[in-house]
Amino acid sequence: MRLRALSKRVQQLELSETYAILDTVRKLRQQGEDVVDLGGGEPDFRTPDHIVHAAVNALAEGETHYTASRGTQALLEAVAHKYKKEHGLDLDANRNIIITPSAKHALFITLMTLLDDGDELIVPTPSWVSYKAMAAMAGATVKAVPLDGATGFRLEPEQLERAITPRTKAILINNPNNPTGRVLSREEAQGVVQVALKHGLYIVSDEIYEKVLYDQSRHISMASLEGAAPITVTISGFSKAYAMTGWRLGYVVGSEDICGQLLKVQQHTVGCAGSFIQRGGVAALEGCQQRIAEMVVAYKRRRDRLISGLEHIPGITCRAPEGALYVFASISDLGFENSMAFTRWLLETVKVAVTPGTAFGEGGEGYVRLSFAGSDEDIDEAIRRLHYAFQ
Ligand SMILES: Cc1ncc(COP(=O)(O)O)c(C=O)c1O
């Protein structure tokens, strides 16, 4: 018997490079190696206690069943309230929001809903690893708009316009950005909205790092800009702001029309997010926000430690990220063949794991991403080892 081929659509995908690094780190540690991991984006903080207690209580009270596919009424209303309070947006909890098991799933159902076979999705790069694969699963392709590191990865509307073709459906923006740490200025965000409105395109705005901001940076939710709400699908979640990566909880905010279509994909894939998990989400949004502020203070300290450590290594240059959890450092002056070769060398020689810039698409060559989501000790140790490697 000759078994038939598996789906071409899936076979053409590549495994996530960030997961590959996580797996390598895990294997090396199992072999007894002392690896410092600056590869992942996993906050090392525990989820705040009041959130954990809310979910534990929900479990104990028997909240262990399916919920409405859109999400529980309490969490839908908490999300609506957040957008009113923080961005002045009037959302109908039962029409404009869908609670999803992770922001990743929120993105997946969004791209499945917006994209047809042969469509193009414009994505400024360097960009997060999964957008391209998700677009491919929907039968579409990503049209990369490589941003220039020399300008600090500034996003110019003309660059987006040049990438538009008759097949373009949407522009995907990640703000604050993983991996560059850029936070869009109001002017840049308005530029995106103007281009999208002019050409009849949707905007997918991945705002998962909205709470992780440093110095004077302010997060502008794309949908709050004039004319943007009907064409924007906002993605966010709990992983980064509340140190809830393992809970898998996120949401989509969009027009009634778009959410109505999205709901079909949600209903026929996961059904709903976990019931007791959603109780944790309500506690996160409605409870005391002090822990977020404390975590951001710690991230800022770690960012500064990492940057000042890198500054003393000739050949490595970087700018201070305005948001998110990563330093995107240029290593092109170090003389390595490419960023993957540097990444491998670093892991082999001093057991420090980073992510090669090429994992983030066009414009990523010559860079590596170093995460400062881990502990202060890990950052200090990574810097010590880097200094040793380059002495
Ligand atoms: C830019 C970006 N979007 C989305 C996600 C997914 O978040 P979640 O843990 O909610 O799936 C991540 C996670 O690393 C991310 O970096």
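The values are calculated or read from the model by the stated rules, or taken from the named source; none is laboratory data. What you see is a predicted model; the values in this text were computed from it and never measured. Here Cβ is always computed from backbone atoms with ideal geometry, including for glycine, and neighbour counts include all displayed protein chains.
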*Filter segment 373-391 down to residues that are touching an Asp or Glu at 6+ places or on another chain (Cβ under 9 Å) and part of a loop (DSSP other than H, G, I, E, B) and give me whichever is farthest from Ala324 (Cα to Cα).*
Ser375
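Kindly establish whether Glu33 is within 29 Å of Gln266 (Cβ to Cβ) and surrounded by fewer than 14 Cβ atoms within 10 Å (Cβ to Cβ). Walk me through it before giving the result.
On the way: within 29 Å of Gln266 (Cβ to Cβ): no; surrounded by fewer than 14 Cβ atoms within 10 Å (Cβ to Cβ): yes.
So Glu33 fails the test.
Return the residue satisfying two criteria in turn: it lies in segment 94-134 and is part of a loop (DSSP other than H, G, I, E, B) and within 10 Å of the ligand (Cβ to nearest atom), and of such residues it is surrounded by the most Cβ atoms within 10 Å (Cβ to Cβ). Give the derivation first.
Initial filter on segment 94-134 (part of a loop (DSSP other than H, G, I, E, B)): 94-96, 101-102, 115-119, 126-129.
Filter again for within 10 Å of the ligand (Cβ to nearest atom), leaving 101-102, 127-129.
Values: Pro101: 21, Ser102: 21, Ser127: 27, Trp128: 24, Val129: 19.
Applying the filter and picking the extreme gives Ser127.
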*Which of the following residues is touching a residue at least 24 places away in the same chain (Cβ under 8 Å), farther than 21 Å from Tyr367 by Cβ and not hydroxyl-bearing (Ser, Thr, Tyr): Glu86, Glu156?*
Glu86
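Are there strands (runs of 3 or more DSSP E) fully within segment 186-254 with at least 1 residues that are touching a Gly at 6+ places or on another chain (Cβ under 8 Å)? List them. Walk me through it before giving the result.
Details: elements: 202-206, 232-237, 250-253.
Fully inside segment 186-254 and qualifying: 232-237, 250-253.
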*Name the one entry in Ala229, Ala223 that is within 20 Å of the chain's Cα centre (by Cα) and away from the ligand (no atom under 16 Å from the Cβ).*
Ala223
*Give just the number: which of (1) over 30 Å from Trp345 (Cα atoms); (2) of a type in the set (Asp, Glu); (3) within 16 Å of the ligand (Cβ to nearest atom) does Asp44 not satisfy?*
(1)
*Exactly one condition in (1) surrounded by fewer than 19 Cβ atoms within 10 Å (Cβ to Cβ); (2) in contact with a strand residue (DSSP E or B) (Cβ under 6 Å, 6 or more places away or on another chain) is not met by Met137; state its number.*
(2)
_Which numbered condition Arg344 fails, given (1) modelled with pLDDT of 95 or more; (2) more than 28 Å from Lys211 (Cα to Cα); (3) under 25 Å from the mean Cα position of the chain (by Cα); (4) not β-branched (Val, Ile, Thr)_ = (1)
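Taking Gly260, is it within 14 Å of the ligand (Cβ to nearest atom) and assigned to a helix (DSSP H, G or I)? Talk me through it step by step, then tell me what you get.
Numbers: within 14 Å of the ligand (Cβ to nearest atom): no; assigned to a helix (DSSP H, G or I): yes.
No.
Table: residues versus (1) assigned by TED's automatic domain parsing to the domain that holds Pro166; (2) closer than 28 Å to Glu61 by Cα; (3) within 13 Å of the ligand (Cβ to nearest atom); (4) out of contact with any His (no Cβ under 7 Å at 6 or more places or on another chain).
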{"residue": "Gln216", "(1), (2), (3), (4)": "yes, no, no, yes"}
{"residue": "Lys240", "(1), (2), (3), (4)": "yes, yes, yes, yes"}
{"residue": "Leu249", "(1), (2), (3), (4)": "yes, yes, yes, yes"}
{"residue": "Glu294", "(1), (2), (3), (4)": "no, no, no, yes"}
{"residue": "Lys300", "(1), (2), (3), (4)": "no, no, no, yes"}
*All but one of (1) over 23 Å from Asp148 (Cβ atoms); (2) in a helix (DSSP H, G or I); (3) in contact with a strand residue (DSSP E or B) (Cβ under 7 Å, 6 or more places away or on another chain) hold for Ile307; which doesn't?*
(1)
*What number of residues within segment 160-191 are within 16 Å of the ligand (Cβ to nearest atom), touching a Pro at 6+ places or on another chain (Cβ under 9 Å) and under 13 Å from Thr232 (Cα atoms)?*
4
*Search segment 200-226 for residues that are within 17 Å of Val252 (Cα to Cα) and pair each with any residue that is of a type in the set (Lys, Arg) when their beta-carbon atoms are under 6 Å apart and the residues are at least 6 apart or on different chains.*
Ile208/Lys240; Tyr209/Lys240; Ile220/Arg186
_Sole exception among (1) under 30 Å from Phe342 (Cα atoms); (2) out of contact with any helix residue (DSSP H, G or I) (no Cβ under 8 Å at 6 or more places or on another chain) for Ile292, by number_ = (1)
*Subset of segment 341-372 [assigned to a helix (DSSP H, G or I), over 22 Å from Gln30 (Cα atoms) and out of contact with any Gly (no Cβ under 9 Å at 6 or more places or on another chain)]*: Ala341, Phe342, Ala359, Phe360
